[in-house]
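First up is the structure itself, then whatever we jot down about it.
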Amino acid sequence: MGAGGAAYRAGMNRSTTWRAAAAGVGATVLGLGAGHLTAGLVAPAASPALAVGSAVIDLTPRSVKEWAVASLGTADKPVLVSGVVLVVLGLGAAAGVLQARRGWGGWVVAALAAVAGLAAFTRPSAGAYAVLPALVAAAAAMVGLHAASPRLPRSTPTGDHSATGSAAGTEEPGIPRPSDASAVSHDPGRRVLLAAGGMTAGGVALAAAGAWRSRALVSPSLPAGLPTPASPLPAVPAGLEGAVPGLSPLRTPITDFYRIDTALVIPRVDAASWRLRIDGDVERPFELTFADLLAMPMVEADITLNCVSNPVGGSYIGSTRWLGVLTREVLARAGVRPTADQILSTSVDGMTISTPVAALQDDRGALLAIAMDGRPLTAAHGFPVRLVTPGLYGYVGATKWLARLTATTYADHPAYWSTRGWSERAEVKTQSRIDVPRSGESFSAGFEVVIAGVAWSQARQGISRVEVQVDDTGWHDATLGPDVGGHYWRQWRWTWPATTGQHRITVRATDGTGALQTSEVADPAPNGASGLHTIQIAVA
Ligand SMILES: Nc1nc2c(c(=O)[nH]1)N[C@H]1C(S)=C(S)[C@@H](COP(=O)(O)O)O[C@H]1N2
Ligand SMILES: [Mo]
C-alpha cells in the first residue's frame, strides 16, 4: 500500500470516528432507555438520568439554585434532566470513539453506570432495586457498543490494516476487512449508522415506555370517599374573576396550583401501607395509619400557600380549601416536651422541613391535610398526607408526602433548606400583585382600564386595604373582593380612565393589623421577597 492508501486511511479514520461517536451515542440512548424502563417497572426515582439529576439538585449551591429558579422557573427540572442527558450523551460519544480505537468504550459505560447506580442507591428513598436500572442500562449500552462500533485500525507504523483488523479480533460475518478498501468505503459505515439510529430509536421508545409506566405508578387512589368535616365551612364565595378576565380566580384550580419541590420523580405512596411516625422529644411516640388519620376529627380550612422563592409579582402562590386533621391534636397525643423548639418533618423521599413547635400547636390551625379543593391530594401535591401551616412559606411548613414528625431542636437538626443558606424560620411577608393588565399592554386613551390582582398576608390577619398608584400621583383605594379569612388571599380591583402616555402602575396592601406592606426591596433569599409590584402600560 502506498501514499494513496495512507491518505485513504486518514479519510476513513475521520469519518469512522464520527460513526464511532454515533454508535456510542446510540448505545448510550439505548442504555438510558432500558434503564428508564427498568426504573418505571421497579423504582421510578432510580432511573439513571433522574437519579443523577436528583443528586445534582442536592449538591447544587444555593446561588445556582436561585439563579435556576429565577431564570427557568418551574422549567428548571426539565432543563436539569436535559443537561444531564446531554453530558451523558457526550460521554457516550467518547465511549464510542474509545471503543473503536482501543476497545475501551466499556469502561466509560461502566463508569457512567457506577455514577448513576451510586446516585440512585444514596437517594433517601432508595429501595431494594435502586441499582437495578443502572445495571440494566450498563448491560444494554455495552451490548450496543460492542455490536455497533466500527473498528478503527490502531495506528501501526506499517499501516498494515489486515493485521490490525485480525489482531483486534474484529472479523464478523459479512464485515469485510479494512484492507478491502472498496467494501469498507460503504457498507460497514452504513451498518454502524443504521445500528446507531436503530439503538437511538429503540432507546427513546424504551424511555417512553418507562415514563408511561411510572406515570401509571404515581396516580394515587384513596380507599374510600373523603371524610366529612365536623363543621363544614360555607361554600367559597364567588370571586371577582367573573367580572375581570385575567384575574386569578379566588380559588386556584388544582391544575394551575404551582408545584415546587426537590423531587425529580413524584413519590408514589401507597395509602394502605403509609405510616406517620411521631417521635423525638415526646412523652408517647406513636404511629398512625392512613385509616387512623381518617378516623380523627376532620377540619376544613381556606389557606393560601406560597413559596419563599416567589419573586415580587411572581406566580408561586395558590389558594384553596384544605381538609385534614389539626396538627395540634396529633402532637397532643404524643405530648411534645418543652425542650423541643421545632418539629422536623420528613417526607418519604427524605426531604426535611423545620416548623416551629408553636406554629403547629397554636390556634392558627395547621393541618395534616389529606385533600385540597374537595379531592384527595394529587401525587404532585403530596398524596396521601401533607403539612399545611398558615402564615409560613412552604419550605418551613408544607411538607408533602409526609412520613415522620420529630420533636427536636433547630440546633440539633437543621432542615434541608436551612443548610443551604435559607432562613431557619420565615413568616410569609405581606404582598400584593397586579394580575391585569399585563405589563407592556397598550390601550387607547379614554378607555376604562381595569386594574386588578390579589394581595395576601397569611401571617398578619389578612388584607384590610389595597391601594393603587398611577405614576407618582397619589394612592387610590381599590375595591376588595370577598373576605375568605386571614389566611387566604384577597382579590382587588380598581378602574382607571386611561390618559395618553407611558404609565407605571404600582400596588400596595395593608394587612389585618393595619400595617402597610413594606416597599423595601428584598430578594427571595434568605426569607422571602419584598417590595412593591409595578407594571408599565402604554396609552395612545
Ligand atoms: N417533600 C417535600 N415537601 C415539600 C417540598 C419538597 O421539596 N419536598 N417543597 C416545599 C416548598 S419549597 C413549597 S413552596 C411547597 C409547595 O407545595 P406545592 O408544590 O403543593 O404547591 O411544598 C413544600 N413541601
Ligand atoms: Mo417553596
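Quick look at the values:
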quantity	calculated
Strands (runs of 3 or more DSSP E) within region 489-540 that include 1 or more residues basic (K, R), more than 27 Å from R251 (Cβ to Cβ) and in contact (Cβ under 8 Å) with a residue 24 or more places away in the chain	501-511
Test for D435: is it in contact (Cβ under 8 Å) with a residue 24 or more places away in the chain, away from ligand 1 (no atom under 16 Å from the Cβ) and crowded, with 17+ Cβ neighbours inside 10 Å	yes
Whichever residue in region 358-370 is over 16 Å from I278 (Cβ atoms) and buried (at least 24 other Cβ atoms within 10 Å of the Cβ) and, among such residues, is farthest from ligand 2 (Cβ to nearest atom)	I370
Test: residue in region 339-347 that is within 16 Å of ligand 2 (Cβ to nearest atom) and either assigned by TED's automatic domain parsing to the domain that holds F257 or under 25 Å from L72 (Cβ atoms) (or both)	yes
Of all residues making up region 76-98, the number that are farther than 15 Å from S47 by Cβ and at pLDDT 90 or above	12
Flag if A120 is assigned to a loop (DSSP other than H, G, I, E, B), modelled with pLDDT of 50 or more and of a type in the set (G, A, S)	no
Flag for A111 being assigned to a helix (DSSP H, G or I), loosely packed, with under 15 Cβ neighbours inside 10 Å and not assigned by TED's automatic domain parsing to the domain that holds K400	yes
Which listed residue, of R337, R268, is surrounded by fewer than 22 Cβ atoms within 10 Å (Cβ to Cβ), basic (K, R) and under 21 Å from the mean Cα position of the chain (by Cα)	R268
Odd one out for S309, checked against (1) within 16 Å of ligand 1 (Cβ to nearest atom); (2) modelled with pLDDT of 95 or more	(2)
Residues of region 394-423 satisfying the condition of being in a loop (DSSP other than H, G, I, E, B) and away from ligand 2 (no atom under 16 Å from the Cβ)	T409, Y410, A411, D412, H413, P414
Strands (runs of 3 or more DSSP E) contained entirely in region 256-338, each with at least 2 residues that are more than 26 Å from P78 (Cα to Cα) and in contact with a helix residue (DSSP H, G or I) (Cβ under 8 Å, 6 or more places away or on another chain)	275-280, 286-289, 317-326
Those residues of region 346-387 which are more than 16 Å from D270 (Cα to Cα) and under 19 Å from the mean Cα position of the chain (by Cα), in sequence order	T346, G350, M351, T352, I353, L387
T355 in contact with a helix residue (DSSP H, G or I) (Cβ under 9 Å, 6 or more places away or on another chain) and part of a strand (DSSP E or B)	yes
Flag for W456 being free of Cβ contacts under 8 Å to residues at least 60 places away in the same chain and among the aromatic types (F, W, Y)	no
Selection within region 274-292 - at pLDDT below 95 and buried (at least 19 other Cβ atoms within 10 Å of the Cβ)	W274, F290
Condition broken by E300, with the remaining ones in (1) closer than 21 Å to I254 by Cα; (2) loosely packed, with under 14 Cβ neighbours inside 10 Å; (3) of a type outside the set (K, R) satisfied	(2)
Hey, T473 modelled with pLDDT of 95 or more and either surrounded by fewer than 17 Cβ atoms within 10 Å (Cβ to Cβ) or polar (S, T, N, Q) (or both) or not	no
Output for region 348-403, where each listed residue is among the charged types (D, E, K, R), more than 10 Å from ligand 1 (Cβ to nearest atom) and touching a strand residue (DSSP E or B) at 6+ places or on another chain (Cβ under 8 Å)	D373
Residues being among the hydroxyl-bearing types (S, T, Y) and away from ligand 1 (no atom under 16 Å from the Cβ) - total across region 330-347	1
Among the residues listed as V484, V449, the single one being of a type in the set (V, I, T), within 35 Å of the chain's Cα centre (by Cα) and surrounded by 13 or more Cβ atoms within 10 Å (Cβ to Cβ)	V484
Hey, V454 over 30 Å from the mean Cα position of the chain (by Cα) and surrounded by 18 or more Cβ atoms within 10 Å (Cβ to Cβ) or not	no
Neighbours by Cβ (under 9 Å, 6+ apart or cross-chain): first from region 54-69, within 15 Å of S309 (Cβ to Cβ); second among the hydrophobic types (A, V, I, L, M, F, W, C) and assigned to a helix (DSSP H, G or I)	I57/L80; T60/A68; T60/L80; K65/I57; A68/V79; A68/L80
Leading residue by the ranking (nearest to the chain's Cα centre (by Cα)) among those in region 491-534 that are polar (S, T, N, Q) and over 28 Å from Y395 (Cα atoms)	T506
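The values are calculated or read from the model by the stated rules, or taken from the named source; none is laboratory data. Since we're looking at a predicted model, the values are computed, not measured. Backbone-built Cβ (ideal geometry, glycine too); neighbour counts: all protein chains shown.
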